[in-house]
Every structure is written in C-alpha cells, then in structure tokens.
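Quick notes on the structure that follows.
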Amino acid sequence: MEAKLTFWDNMAKRYPRFNDASMSKDVNHILNWCHENDVFFDNMSVLDIGAGKGSMTIPLAQKGARVTAIDVSAGMLEALNEDATQTGVSHHVQTHQSDWGAFALAKQYDIVIASMTPAINEVQKIEKMLGATKQLGIYVGWGKYRTNKLVEALAKAHTLQEEDDCSSAGCFRVAQFMEILNEKQIAYESTFFDTGWEEEYSFEEAKEYAYEQLGRKELTPDDAIIESILLAHMQNDKVIVQTQAEKGVVLWKKLNASSNS
Ligand SMILES: C[S@@+](CC[C@H](N)C(=O)[O-])C[C@H]1O[C@@H](n2cnc3c(N)ncnc32)[C@H](O)[C@@H]1O
C-alpha cells in the first residue's frame, strides 16, 4: 500500500521538534530503560524507521551512534536535518526520504528502531525490520490506550460506530508486535509507561487538524459539526487538544550477536 505523503507532510507543520519537553521526557525514559537492559549506542550503526523530526535520531547521534533516518515526509526530514546541524551531529546522521516498504535495504545495521510510526503496519514490514539488524531491535508503539477527547468527539459526531483511536490511526500496538515475536519464538523484553501531552491551536489550525484526523479515519468532514466541537474545546482563543496514552517498548536481541556493553 502506498504511504500517505500528504497527511505526514501536513502533520510536519505542527509535529514537535526533537527537543520538545514532552517528547524528550518519553525518549529519555525509553533510552534509560534501554541502558538498564545493557543497550549502548556509542559507535553503533542505527536505522531509525519513520524517524520523523528525529526525536530518537538526534539523541542517539548525540550518544555517538551513526544513524540512518528514513521517513516518507520531506517536511519531517527537513526539520530533522536542521536540528542535526544545529546540535552539531549532522556528520552522524544520514537521511533518506522513503517509504519503509519500498526502502532498498543495502546492509544490516547494529540496531534497528521504529518509534510511533505507521511505517510498521503489516507483518511483512515487521519481518523486514527484523532482517535489518545484526544485533538488536527496538519497537515503540501504543500500549493499551490512547485518548484524545477532541478527536473522539469529532469521530463520534461523524459516525455511528465507536472508534478506537489507536487501531484507526494506522498504529501497530505493542501487544500486536509482541504476538508476532512470540509466533517467531523471538525472545524480548518489554516495558509500558503512561504519557500525555497538550497542543494549542488557533481556530484555523484546529480546523485543519480536524480535517486531517477525519480524513485519516476516512470520514467525510462536516464544517458545522467541526466548528461547534472546536468551539467547545476553546480556552482563551486557542483550541486545546489533550492526549493521554500508554506507550510500550519492545527490545529483542539476536542470538549470537556480540554485545557492546
Ligand atoms: C508519529 S511520527 C513518529 C516520528 C518519530 N519516530 C517519533 O517517535 O517521534 C510517524 C512518522 O512515520 C512516518 N511514516 C509514516 N508512514 C511511513 C512509511 N510507510 N515509511 C516511512 N515513514 C513513514 C511519518 O512521516 C512520520 O514522520
């Protein structure tokens, strides 16, 4: 299936930079847990699938990894490259604009990572990810829940069906990822943590956000419904969008792979 370039390029206008506070909090939590599990990044070659604006890529390059970051969205990678330059790690970062399914994998990397990306949305793409690493892989995805009251209200007002905000957004839950590792008898460690963040949009930006979210769920937007829901979420001229979620991390190591600890 072709990746939806337009959705992610639009999203890139608002998606947080690598050093956004709530983004950094989650990434630090994940990387500390990796360290506790004897995963070190210094001098490692890393493939970051669906790297976005580099929330993983840049901290890993700062830890001394040589990171290849791939993403379908030119807008996301532009911000990633700007921040890599700004933080003095651009010599450790290579970017490729590509869909993961179509990416020509020319070699194996020490570590493969995919974080919060619908690039990993089918078994075949997980298998490609498993084959992309010599040593170990890290998958970060949604855990048991993700709630966003604005998106829920929009979806409910546009459909009679109850929506699940994770499964309808092209996400691959961590539990599904673990099931596939179980089937393949691949051992792994996992951890789950609660997180949350708040976005503030002008009315026009929020309308664009609402159109994108409904489009993603293949629902036809109704202007009057959208406007009334946005008005109900306004505080001091801004539309407030709050998300609460559980995130999970899965870490698997290849048998016979040498450890760098
Ligand atoms: C929610 S963002 C996550 C970005 C980053 N990994 C993070 O954790 O902050 C999802 C990213 O996946 C990218 N993406 C979506 N589908 C993709 C695909 N089929 N191949 C490669 N990248 C994809 C999007 O462009 C977007 O940058």
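General remarks:
- For the range 208-244, filtering for residues that are touching a helix residue (DSSP H, G or I) at 6+ places or on another chain (Cβ under 9 Å) and part of a helix (DSSP H, G or I) leaves 18.
- Of all residues in the range 34-55, those satisfying the criterion of being over 18 Å from Lys253 (Cα atoms) and either touching a helix residue (DSSP H, G or I) at 6+ places or on another chain (Cβ under 6 Å) or without any contact (Cβ under 8 Å) to a residue 40 or more places away in the chain (or both) are Ala51, Gly52, Lys53, Gly54, Ser55.
- Hey, Ile30 open to solvent by less than 10 Å² (accessible area, probe 1.4 Å), more than 25 Å from Lys13 (Cα to Cα) and within 13 Å of the ligand (Cβ to nearest atom) or not: yes
- Residues that are out of contact with any helix residue (DSSP H, G or I) (no Cβ under 7 Å at 6 or more places or on another chain) and part of a helix (DSSP H, G or I) were ranked within the range 182-207; the one that is surrounded by the most Cβ atoms within 10 Å (Cβ to Cβ) is Glu205.
- Matching residues, the range 106-123, being more than 18 Å from the chain's Cα centre (by Cα) and at pLDDT 95 or above: Lys107, Gln108, Tyr109, Asp110
- Selected residue (criterion: modelled with the lowest pLDDT) from residues of the range 153-175 that are open to solvent by 20 Å² or more (accessible area, probe 1.4 Å) and touching a strand residue (DSSP E or B) at 6+ places or on another chain (Cβ under 8 Å): Cys171
- For the range 33-52, the set of residues classified as touching a Ser or Thr at 6+ places or on another chain (Cβ under 8 Å), away from the ligand (no atom under 16 Å from the Cβ) and either closer than 25 Å to Gln97 by Cα or among the polar types (S, T, N, Q) (or both) consists of Ser45 only.
- Scope the range 111-152; condition open to solvent by 30 Å² or more (accessible area, probe 1.4 Å), within 10 Å of the ligand (Cβ to nearest atom) and either hydrophobic (A, V, I, L, M, F, W, C) or part of a strand (DSSP E or B) (or both); matching residues: Met116
- Considering the conditions (1) surrounded by fewer than 18 Cβ atoms within 10 Å (Cβ to Cβ); (2) assigned to a loop (DSSP other than H, G, I, E, B), Gly52 is excluded by exactly one of them, (1).
- Residue that is most open to solvent (accessible area, probe 1.4 Å) [pool: residues in the range 7-26 that are farther than 18 Å from Ala210 by Cβ and in a helix (DSSP H, G or I)]: Lys25
- Counted residues, the range 58-75 - those being assigned to a helix (DSSP H, G or I) and either touching a strand residue (DSSP E or B) at 6+ places or on another chain (Cβ under 9 Å) or at positive phi (or both): 4
The values are calculated or read from the model by the stated rules, or taken from the named source; none is laboratory data. Computed from a predicted structure; not experimentally measured. Positions of Cβ are backbone-derived with ideal geometry, glycine not excepted, and every protein chain shown enters the neighbour counts. Heavy atoms of the whole protein, side chains included, go into the accessibility calculation; ligands, DNA and RNA do not. Shrake-Rupley method; radii C 1.70, N 1.55, O 1.52, S 1.80 Å.
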